[in-house]
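Chemist: Sharing a structure with you now.
The values are calculated or read from the model by the stated rules, or taken from the named source; none is laboratory data. Just so we're clear, the structure is a prediction, and the values are computed from it rather than from any experiment. As a convention, Cβ positions derive from the backbone with ideal geometry for all residues, glycine included, and neighbour counts pool all protein chains shown. With ligands, DNA and RNA removed, areas are computed over all heavy atoms of the protein, side chains included. Shrake-Rupley method; radii C 1.70, N 1.55, O 1.52, S 1.80 Å.
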Amino acid sequence: MKSLVVYFSRADENYNVGTVEVGNTELLAKEIIAKTGADEFKIEPKDKYPAVYQEAIERATEERRSDARPEYIGDVDIAGYDTIFFGYPIWWGDMPMVVYNFIEKHNFDGKTVIPFNTHEGSGNAGTYEKFAELMSGATLKGDGFNMSGSTARTEEGIRKLDEWLEELGV
Ligand SMILES: Cc1cc2nc3c(=O)[nH]c(=O)nc-3n(C[C@H](O)[C@H](O)[C@H](O)COP(=O)(O)O)c2cc1C
């Protein structure tokens, strides 16, 4: 069984965690990679988000308002993978628009998809249901995994992630 971790995560100044070099979701993604040996694809927007939190917020607001599909650098052929872990932060009660772009560009039919996300209060914000709709030909495994971004930066957070991975049996 071949696994891939696809994720989007924004470093720099962020809510509740100050200025960080590695984003919250990326920390979870890296742990999943370390524990499962999965391959990695990081969704990197061609136009990087501003490092200043308030400016990033403004851009994300505009992208949502215009239902944008921001371009990202490179791509991955998911055909060769059986299981795809899919990670992202919650932005405005939803997935960032660049994540929609990635999902719409790929065919998930027959894949096992395992979503995970970070947030600061919204949980998964109904995004797992959106996954089920957008990837109707895929099997969603488990109930997903979500955690506050600040918890993802702690040993306790990583321990919880490891427990979840063990329960999943991957
Ligand atoms: C543009 C933007 C919008 C956000 N909207 C929400 C939200 O609606 N609900 C929530 O719980 N957290 C929200 N957050 C907080 C992020 O989900 C949280 O900080 C997350 O851990 C960031 O992950 P990252 O470091 O991987 O990018 C938002 C953050 C940003 C930058």
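Chemist: Just list whichever of K48/K141; K2/K160; K46/K111; K105/K141 have alpha carbons separated by over 29 Å in the model shown.
Modeler: In this structure, K48/K141 lie more than 29 Å apart at Cα.
Chemist: Provide the gained length on full extension for the span E58 to K30, in nm with one decimal, where the gain is 0.36 nm per separating residue minus the Cα-Cα distance.
Modeler: Working it through step by step, the gained length comes to 7.3 nm.
Chemist: So, how do all the Cα-to-Cα distances of the chain break down into 10 Å bins, in percent, from 0 on up?
Modeler: 10, 42, 38, 10, 0
Chemist: Looking only at segment 3-165, where both bridge partners belong to it, what percent of the DSSP beta bridges are antiparallel (to the nearest 5)?
Modeler: 20
Chemist: Another question about this same structure. Could you sort R59, R64 by their accessible area in this structure, using a 1.4 Å probe and putting the largest first?
Modeler: Of R59, R64, the descending order of accessible area is R64, R59.
Chemist: Turning to a different aspect of this structure: Let me spell out the model: positive unit charges on the Cβ of Lys and Arg, negative unit charges on the Cβ of Asp and Glu, origin at the Cα centre of segment 41-123. What dipole size does that give, in debye rounded to 20?
Modeler: 60
Chemist: Suppose every Lys and Arg Cβ carries +1 and every Asp and Glu Cβ carries -1, with no other charges. What dipole size does segment 3-165 come out with about its Cα centre, to the nearest 20 debye?
Modeler: Charge dipole, segment 3-165, about its Cα centre: 120 debye, nearest 20.
Chemist: Kirkwood Rh, Cα Rg: Rg to Rh for segment 101-170?
Modeler: We get a ratio of 1.00 for segment 101-170.
Chemist: Sticking with this structure for a sec: Whose amide H sits under 5 Å from the amide H of A11, counting only residues 5 or more places off or on another chain, with H placed in the peptide plane?
Modeler: It is G23, by chain and number.
Chemist: If exposed GluC sites (Glu not before Pro) are those in a DSSP loop with at most 14 other Cβ within 10 Å, what is the longest stretch of the chain that has none? Write down the numbers at each step before the final one.
Modeler: Numbers: sites that count: E21, E71.
The segment 72-170 is the longest one with no such site.
Chemist: Let me ask something additional. How much accessible area per residue does segment 3-165 have, counting only protein heavy atoms and a probe of 1.4 Å, in square angstrom?
Modeler: 46
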